[in-house]
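A.B. asks: Have a look at this one before I ask anything.
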Amino acid sequence: MAFREWKKNKAWIWRALDARTRQTVAHHVGKRDDRSCKKFLDKVGIAGKTFLADDWPGFVRLIPEDQLFTGKDLTYPIEQSNSNIRHYLGRFRRRSKITSRAHHMVTKSLNLLHHLMQPQNFSVYQNQALCIFS
């Protein structure tokens, strides 16, 4: 069975990771165009940062050349983080029954996951859950 409609409402997840802590600094849900990239870069801020990205031509247009490193050899931390997101959030797996692909729902799911991935935020819920075993 072919599902041509699946590709109709594509959304790109733009994410920035802190290289030292490997935590998400900012994210944006949108298309893969200059407008979405500009919104994402406004959230992150360009000044004094180095960007590791793939070879999409928009990055060359919007990020100064001395701050942009293009290639796949140093992007393994974000690929690992993407794998973790697919593990925890069903909407990022392939065809599934977890259907809402609306941009605001994707953004809210990512916000919740990134909040809970920080140890100080998760420990409150972990302690509440573990107290039933004591």
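Rule-based calculations on the coordinates, nothing more; no lab input. All values derive from a computational prediction rather than experimental measurement. All Cβ positions, glycine included, derive from the backbone under ideal geometry; neighbour counts span all protein chains shown.
A.B. asks: Would you check if R22 is basic (K, R) and either within 28 Å of N121 (Cβ to Cβ) or surrounded by 11 or more Cβ atoms within 10 Å (Cβ to Cβ) (or both)?
C.D. replies: Yes, satisfied.
A.B. asks: Out of (1) part of a strand (DSSP E or B); (2) on the phi > 0 side of the Ramachandran plot, what's the single condition that is false for L52?
C.D. replies: Among (1) part of a strand (DSSP E or B); (2) on the phi > 0 side of the Ramachandran plot, L52 violates only (2).
A.B. asks: Collect the residues in region 100-110 that are closer than 16 Å to H28 by Cβ and part of a loop (DSSP other than H, G, I, E, B), keeping them in residue-number order.
C.D. replies: Correct list: R101, A102.
A.B. asks: When both residues are 6+ apart or on different chains and their Cβ atoms are under 6 Å apart, which pairs have a first residue that lies in region 16-35 and is of a type in the set (D, E), and a second that is surrounded by 13 or more Cβ atoms within 10 Å (Cβ to Cβ) and not in a strand (DSSP E or B)?
C.D. replies: D34/G58
A.B. asks: Name every residue in region 53-66 that is without any contact (Cβ under 8 Å) to a residue 24 or more places away in the chain and surrounded by 14 or more Cβ atoms within 10 Å (Cβ to Cβ), in order of residue number.
C.D. replies: A53, F59, I63
A.B. asks: Turning to a different aspect of this structure: How many residues are hydrophobic (A, V, I, L, M, F, W, C), closer than 17 Å to N84 by Cβ and in a helix (DSSP H, G or I) if we restrict to region 111-134?
C.D. replies: 4
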